[in-house]
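The values are calculated or read from the model by the stated rules, or taken from the named source; none is laboratory data. Keep in mind it's a predicted model, so treat the numbers as computed, not measured. Neighbour counts are summed over all protein chains in view; Cβ atoms, including those assigned to glycine, are modelled from backbone coordinates with ideal geometry. For accessibility, only protein heavy atoms count, side chains too; no ligands or nucleic acids. Shrake-Rupley method; radii C 1.70, N 1.55, O 1.52, S 1.80 Å.
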Amino acid sequence: MSTFSSMHSPSYSHSFICSSSINEKKNQRFVFSSFPRFSVPANAKVFLQCQANSHQNAVLMQDGAMATKVSPVEKETPIEKLKSELLSVTSSNEWDEKAGFDINENESTVSITVVGASGDLAKKKIFPALFALYYEGCLPKHFTVYGYARSKMTDAELRNMVSKTLTCRIDKRENCGEKMEEFLKRCFYHSGQYDSEENFAQLDNKLKEHEGGKVSNRLFYLSIPPNIFIDAVKCASSSASSGNGWTRVIVEKPFGRDSDSSAALTKSLKQYLTEDQIFRIDHYLGKELVENLSVLRFSNLIFEPLWSRQYIRNVQLIFSEDFGTEGRGGYFDHYGIIRDIMQNHLLQILALFAMETPVSLDAEDIRNEKVKVLRSMRPLQLEDVVIGQYKSHSKGGVTYPAYTDDKTVPKDSLTPTFAAAALFIDNARWDGVPFLMKAGKALHNKRAEIRVQFRHVPGNLYNRNFGTDLDQATNELVIRVQPDEAIYLKINNKVPGLGMRLDCSNLNLHYAARYSKEIPDAYERLLLDAIEGERRLFIRSDELDAAWSLFTPVLAELEEKKIMPEYYPYGSRGPVGAHYLAARYNVRWGDLGLDQSA
């Protein structure tokens, strides 16, 4: 996209509001991620008369206000004259000649290429998420979806494969078949090698055919193993990147195995892409309850004053799955539960939970605060880590396999399928507060939640009513990320009656009961953010470096010393060692006495 620039003034982000009677919509807003930069005083108001498509009285103003008349310019200087010429456009063709692009939204398109389109992630998550966005009207008017993989496949075969995984929103089910058909018509396939510039050049030609000379914006989703990231990025960058719009690349975890491999991956990516083009995706950051975390804290007066060591006794981040590796053991054995879940998903949630109030909701302001938290964290020690591995177990006449029973896993593997850790943030807000993480496979339930346990009430008048176990009277805020999303606060309450009997009750925000609309999948939100250039929920390179610096030393020590994992039965609550770790810091895991009705 052509850009006029000046060293005398900053650039501004603008939107056009055109008044029109088309489709009975009086106001239509056209937003551009980049806009020609002019040397205009900061308090100036610039007006544009828009006639394309019968839109009238279009206004471009720095402050976003709306006006209907063009103010005359008196005693024009040369630069004001140029500005006047560029903004007094009477047709889209004249604008094309002078500014290099058309304000008409019909003149730009988005091409989404799923690299690794034949894989499980693409079939189960990416294509369904793209269809959901289309179904909700969130994708641009002109878009194309291309699958790219080594498998030989026709367009029809791709559409057939994709159609088997598409579902419709429960609140708009009536036109499901029609929408699905429309979406599949925009899906195409190109077979090629991930390290072939020639194959990517052929993809580029196909994309250009669909783009039809419009401003082309291109998004590549790398749904491929990390060992071929760089080859694919190199070929896409050199042979299939956009010539007149933006090019962005979504990179799936894992981002390396340790600090060194992560830094090497980042360095290689930056040979072909800028940091602004790289979108490192952690789908947990797209979960509804994780995104609501900052809203809960920063928009409710009752929580922010309590969000510190003065009132919070401990914070628990718990992740559990009720199934094993199920054929993915070969991949999992190379990484383990700490790299797969704790170093990214849980640590990202911790950073969001513990960060200071950002200057704004701008992506960089939020990510700056997250990095500060990670850099303030105490190096993780081996004595603050417990690892486990699930073993075979029979229950109800059914025998469940051990981790090493997976044919893709070595019989002598020491890779942990469970881990618990105690982390600390050495800053004024959180000094001394233990942040306990627990993650595991083949446990008794499937759950991801944040549990905030508050301190005991000093001099509590009702201590004798609770007995000797004061933990029973602890206030606790629970944010259940999945499944059955909810936020509830445990409080103490008098049971109705003549006696003085106390009870622990929940003030409960149950999402399914409160909101009828289906909660979008995390991939939907993150894909839409990537298309719109919103980086708030993606991981920056320095953030990734800080995260790996916490876990790399203890991971190396576990592997060098060949620490034996503690075995736990398939379907149990995990190793006993996790309870001893919590007890060392005077903490009881909050999910032990789980209230299933909560």
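Summary of computed values
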| read-out | value |
| --- | --- |
| Extension gain, S268 back to R455 (0.36 nm per residue minus Cα-Cα distance, nm) | 62.6 nm |
| Cα-based equivalent ellipsoid of segment 105-252: semi-axis lengths in Å, sorted from largest, via gyration tensor | 24, 18, 13 |
| Heavy-atom SASA rank of C235, C504 (probe 1.4 Å, accessible area, largest first) | C504, C235 |
| Y331 paired with A512, simple spin-label distance in nm, labels 7 Å along Cα-to-beta-carbon | 2.8 nm |
| Charge-dipole axis of segment 108-165 as Lys and Arg at +1 and Asp and Glu at -1 on Cβ define it, positive-most pick from A149, F127, V114 | A149 |
| Difference of contour (0.36 nm per residue) and Cα-Cα distance, M500 to I519 | 2.7 nm |
| Most to least accessible of Y135, Y515 (protein chains only, probe 1.4 Å) | Y515, Y135 |
| Two-site FRET efficiency, H444 against Q310, from Cβ-Cβ distance with R₀ of 35 Å, rounded to 0.05 | 0.50 |
| Estimated distance in nm for a label pair at D195 and K411, the labels positioned 7 Å out from Cα along Cα-to-Cβ | 3.4 nm |
| Two-site FRET efficiency, F303 against E532, from Cβ-Cβ distance with R₀ of 22 Å, rounded to 0.05 | 0.15 |
| Area accessible to solvent at V295, 1.4 Å probe radius, in Å² | 70 Å² |
| Prolate/oblate/rounded call for segment 336-452, Cα gyration tensor, a/c under 1.5 rounded | prolate |
| Subset of K370/K562; K152/K287; K123/K270 violating a 31 Å alpha-carbon distance limit | K370/K562; K152/K287 |
| Anisotropy class of segment 523-589 from Cα gyration tensor, a/c 1.5 cut | prolate |
| Gain on full stretching of the segment that runs from S360 to Y567 - 0.36 nm per residue minus C-alpha separation | 69.9 nm |
| Local electrostatic count at F229 - Lys and Arg +1, Asp and Glu -1, tallied over other residues with Cβ under 13 Å | +2 |
| Only Lys, Arg (+1) and Asp, Glu (-1) charged, at Cβ; segment 105-252 dipole about Cα centre in debye | 320 debye |
